[in-house]
Amino acid sequence: MPAPANVHTVHAAIEEAAALLNLPCPPDTVLPVLKAFEPFEGGVIFSASAGEGHAGDLDLTIQVPRAVTDPYAHALAHGLVPRTGHPVSTLLAELARHVAVDEYLIDFGVIAGFNKIYVHFPRDPQSVARLAALPSMPRALADHADLFARHGLDRVAMLSVDYRKRTVNPYFACPDGLAARTLPALLADLGLPAPDDELVESARKTFRTYVTLGWESSRIERISFARALDLPLVTARTEPEIVRFVTGTPYTYDGERFSISIVKWSADDTWFNVGSYYQFGPLQREVLGKVPR
C-alpha cells in the first residue's frame, strides 16, 4: 500500500483545483484543517457548486484518519468549530453509540473553512425510525418518516452534520436508482416545482438521495440526488469553469478520473454540485465501484 499523501502534496493539489475555479487558496484557512486531519489515509474529494448564490468556494471532503475516534472533539480541540450547547454538538456522539461506523469524513471550504463531519455506515444502514429516536436529531426527520417510506427511502447509509449552518443530511442508499415516476412524485410531495424530463432522467440514476434538515423547523430545506457524473447535462447547464474543474482536477489512481454530479432542489432554486475524487479509501472504492457510470 502506498504511503499516505502528506500536507504539502494535498495542499498543492487543492491549489491546482482552486485555480480551475479562479479561486484563491488561502493557507490560513486550508493548512490548519489539513494539519489537524493528517495523515490522509483514504478519500480526498474536490467539489464545487454552480449557479448564482451557490458558486464561490471549493469544498474538500477528507477521510478522517483511523487514530481519530471522535472527529468533533478533535475539531474542537484544534479550534475548527466553536463550543456550543446546541444539539448539533452532541449528535455525532449519539450516532457513534448506536451505529457501527465504518468511517468518518470532514468537509471544509477553502474560503469558508470547516463545515461538516460525515458519519458513513454503509455496512450497517439504519432505518429512519431508529435515527429519529436519537435525542439530538432534528424533529424534522421523524416528521417526514411517512413521506420517505412512501417513496422507498428507508435505509440511511450516511449522515452529515453541518456545524456552520446547523443542519443535518441523511443520505439514503439507492442502489437501483429511482423509478421515473418516483422523483416527480417526491418533489410534488415536498411542494417543489415539477422538473423537466431531462432532469428527471438524470437525477433518477442517483446512488444516494439526501435531504437537508434543521432544528428550527420541520420543513425539508432541500433535496439532492447524487449520481456518477452526467457530463453532457452539466456542460449544458453550468458555467464553463465548472466543466473545466470537474474534468481537470488532479487525481492519484490509475484509469479515468471518477466524478459525480448532484442536482439539488429547494423551494426557490434548482442547481448543480460536482465532485471529483483525488484519491479513494478502500470503502469508497467498494461503494462507488457499484455505481453505474
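The values are calculated or read from the model by the stated rules, or taken from the named source; none is laboratory data. Treat the numbers as computed from the prediction; the structure is a model and nothing was measured. Cβ placement follows ideal geometry from the backbone for every residue including glycine, while neighbour counts extend to all protein chains displayed. All accessible areas refer to the heavy atoms of the entire protein, side chains included, with ligands and DNA or RNA removed. Shrake-Rupley method; radii C 1.70, N 1.55, O 1.52, S 1.80 Å.
Screening the range 241-293 for residues that are within 12 Å of LEU231 (Cα to Cα) and of a type in the set (D, E, K, R) and picking the one that is surrounded by the most Cβ atoms within 10 Å (Cβ to Cβ) gives ARG244. Against the test of being within 19 Å of the chain's Cα centre (by Cα), modelled with pLDDT under 95 and not hydrophobic (A, V, I, L, M, F, W, C), the options ASP162, ASP154 yield a single qualifying residue, ASP154. Looking at ARG237, ARG222, just one residue is open to solvent by 60 Å² or more (accessible area, probe 1.4 Å) and either more than 21 Å from LEU153 (Cβ to Cβ) or touching a strand residue (DSSP E or B) at 6+ places or on another chain (Cβ under 6 Å) (or both), and that residue is ARG237. All conditions in (1) open to solvent by 50 Å² or more (accessible area, probe 1.4 Å); (2) part of a helix (DSSP H, G or I) hold for GLU94, with the sole exception of (1). For SER136, the conditions (1) more than 29 Å from ARG227 (Cβ to Cβ); (2) of a type outside the set (A, V, I, L, M, F, W, C); (3) buried (at least 21 other Cβ atoms within 10 Å of the Cβ) all hold with the exception of (3). Check whether at least one residue in the range 250-264 is at pLDDT below 95, polar (S, T, N, Q) and on the phi < 0 side of the Ramachandran plot, and report yes or no. No, that holds for no residue.
Applying the set (1) outside any helix (DSSP H, G or I); (2) without any contact (Cβ under 8 Å) to a residue 40 or more places away in the chain to VAL274 leaves exactly one unmet item: (2).
In this structure, LEU147 qualifies as of a type outside the set (Phe, Trp, Tyr), in contact (Cβ under 8 Å) with a residue 40 or more places away in the chain, part of a helix (DSSP H, G or I) and surrounded by fewer than 21 Cβ atoms within 10 Å (Cβ to Cβ).
In the range 141-161 there is at least one residue that is within 29 Å of LYS290 (Cα to Cα) and of a type in the set (Lys, Arg).
Residues of the range 87-94 include at least one that is out of contact with any Asp or Glu (no Cβ under 9 Å at 6 or more places or on another chain) and either farther than 17 Å from SER160 by Cβ or polar (S, T, N, Q) (or both). Considering the range 163-202, the residues that are closer than 15 Å to GLY152 by Cβ and in a helix (DSSP H, G or I) include one that is most open to solvent (accessible area, probe 1.4 Å), namely ASP189. So which residues in the range 15-62 are over 24 Å from SER261 (Cα atoms), among the charged types (D, E, K, R) and either in a helix (DSSP H, G or I) or open to solvent by less than 40 Å² (accessible area, probe 1.4 Å) (or both)? Of everything in the range 15-62, those that are over 24 Å from SER261 (Cα atoms), among the charged types (D, E, K, R) and either in a helix (DSSP H, G or I) or open to solvent by less than 40 Å² (accessible area, probe 1.4 Å) (or both) turn out to be ASP28, LYS35.
Annotation note: Cβ proximity below 9 Å between a residue of the range 42-56 that is without any contact (Cβ under 8 Å) to a residue 12 or more places away in the chain and a residue that is open to solvent by 20 Å² or more (accessible area, probe 1.4 Å) and not in a loop (DSSP other than H, G, I, E, B) (sequence gap 6+ or interchain) occurs for GLU52/TRP271.
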